[in-house]
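Participant: What follows is a structure written as structure tokens; I'll ask about it next.
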């Protein structure tokens with residue numbers, strides 16, 4: 001189900017937001033360092049529909065990166081076959097994002113469209129290298145490209161060399177066509193597992209080098225397992241083989257390690273932020289979050305209460 005993939009995409013961006021920077025650099029040719037502030041905006045937008053109730057549309061990501069000058073971005077994750085409707089949907093999102101933050105001064109409306117891109121998890125013969133908007137106005141024609149990132153075209157070496165770590169949960173898509181063979185051939189399945197062992201080892205290395213934190217690593221591993229479980233549900237051996245690997249890695253990457261990065265000033269805020277992310281994900285009990293973050297059960301319950309307000 002596409003919602004599983006959309007959910008994984010939104011989760012890794014919201015919980016590990018710095019991982020979007022190398023992807024934006026790759027897609028748009030930017031030179032962000034990773035130290036820039038990233039500010040996310042509401043993903044729910046209501047589109048005005050004539051003669052019918054307004055339609056709610058949820059974008060995958062809508063955020064601004066504050067570099068030398070602020071730039072707004074809108075990135076969508078897509079796994080289905082290109083059908084033309086995607087482009088229409090993208091433009092609806094972009095127009096509403098621009099209108100939501102438009103400014104009116106002396107009866108002059110100024111709207112700023114975001115820099116938009118699409119990550120295609122599957123690549124088909126019909127998948128283009130880019131989309132295009134052409135807008136005919138009384139004042140003239142405006143046109144610009146919407147770039148496409150084809151996840152399946154990136155090898156593991158590409159992903160790690162370019163720092164595209166947020167693509168790792170979706171790397172399994174590059175093997176999707178070979179699932180029948182992996183499922184019936186133990187040697188081929190062992191080769192796939194060896195590739196994922198390499199991923200886990202490289203993530204460990206990046207954590208040791210402090211390129212990523214333990215929470216980032218855990219999130220990547222957890223979401224990789226979720227995506228494998230969904231995409232390989234018809235292939236028991238593939239699902240179990242990789243699922244066991246991801247599960248074992250999560251046990252080793254205890255969330256307790258997340259907060260062992262130092263007893264420095266401000267650690268309480270880090271603890272609270274980590275607990276909020278865990279609560280949002282909804283996969284751990286209050287007691288488990290308390291144990292893994294070092295917060296008291298009362299503090300975690302208080303944070304849980306704030307989430308429901």
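Participant: Tell me whether segment 227-242 contains one or more residues that are at pLDDT below 90 and more than 19 Å from the chain's Cα centre (by Cα). Lay out the reasoning, then the answer.
Facilitator: So in segment 227-242, the residues at pLDDT below 90 come out as none.
Among the residues of segment 227-242, not one is at pLDDT below 90 and more than 19 Å from the chain's Cα centre (by Cα), which makes the answer no.
Participant: Next up: If you take the residues of segment 285-308 that are in contact (Cβ under 8 Å) with a residue 12 or more places away in the chain and not in a helix (DSSP H, G or I), which of them is surrounded by the fewest Cβ atoms within 10 Å (Cβ to Cβ)?
Facilitator: 294
Participant: Being in a helix (DSSP H, G or I) and touching a helix residue (DSSP H, G or I) at 6+ places or on another chain (Cβ under 8 Å) is the filter here, so list the residues in segment 131-164 that pass it.
Facilitator: Matches in segment 131-164: 151, 152, 156, 159, 160.
The values are calculated or read from the model by the stated rules, or taken from the named source; none is laboratory data. Small disclaimer: the values here were computed from a predicted structure and weren't measured. Please note: Cβ atoms are built from the backbone with ideal geometry, for glycine as well, and neighbour counts cover all protein chains shown.
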